[in-house]
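Coordinate-derived values only; no laboratory data. All figures in this text were calculated on a predicted structure; none of them were measured in a lab. As a convention, Cβ positions derive from the backbone with ideal geometry for all residues, glycine included, and neighbour counts pool all protein chains shown.
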Amino acid sequence: MIRSFVALDLPDTVRSALAVQQFLLPLPRAVPVENLHLTLVFLGELPDALLEATHEAFCALRLPGVALELSGLGLFGGDRPTSVHAAAVACDPLLRVQRKIATAARRAGVDLPARRFVPHVTLGRFRPPPPEDRMRLERAVAMQGGFRSGPVPVTEFVLYRSTLTRQGSRYDDLARYPMASGG
Ligand code: 3AM
């Protein structure tokens, strides 16, 4: 079984801008800069043959590139936040690309839960902080709410293997799929 997901790799300019945001936030542990990505579809644990079939389906896709734009920061988890992220502008081309990739995975046989796609880049994950730390984090997220990056063209999507280790997740790219530039 292989744990995998599909994501957009981030251009260096975006990665650097996000590293600055991570530095400015009171994060117990930031996602390593080389691990930053925008998840499109989490595939979960798949048998090798199904992953291979899914890869073939992705190879057959002809998708336009997207203009990736980040706008603002946010927390997931409500009153008990467990992650902070940079929000991506949910423009139609990005939503369409995500939908087509999810559809291709389903047609290949992957059992994907119906889940609303909220495009974002996770900057840090943590256990729900005590109230004082939570307020500090919420203030910092609000202060940096004007964060913007891009739009920048992204012309490929990536199939990543995710390995859970005691030090955190390790991501290795298994395949890269070109999208037409100019999007
Ligand atoms: O891009 P983010 O950080 O939001 O949270 C995990 C990460 O998303 C998500 O897949 C991405 C790469 O690990 N993920 C992990 N387990 C998941 C699950 N069971 C999951 N998404 C949905 N269901």
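Restricting to the range 160-183, what's the tally of residues that are farther than 13 Å from Ser4 by Cα and within 10 Å of the ligand (Cβ to nearest atom)?
Of the residues in the range 160-183, 0 are farther than 13 Å from Ser4 by Cα and within 10 Å of the ligand (Cβ to nearest atom).
So is Ala49 surrounded by fewer than 15 Cβ atoms within 10 Å (Cβ to Cβ) and either under 16 Å from Leu8 (Cβ atoms) or away from the ligand (no atom under 15 Å from the Cβ) (or both) or not?
Criteria met by Ala49.
To keep it simple, each residue is scored yes or no on (1) more than 17 Å from Gln98 (Cβ to Cβ); (2) assigned to a strand (DSSP E or B).
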position: Leu112; (1), (2): no, no
position: Phe117; (1), (2): no, no
position: Leu123; (1), (2): yes, yes
position: Pro129; (1), (2): yes, no
position: Gly146; (1), (2): yes, no
position: Val152; (1), (2): yes, yes
position: Phe157; (1), (2): no, yes
position: Thr163; (1), (2): yes, yes
position: Tyr171; (1), (2): yes, yes
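Checking the conditions here, which among Leu8, Leu18 is under 18 Å from Ala67 (Cα atoms) and within 12 Å of the ligand (Cβ to nearest atom)?
Leu8
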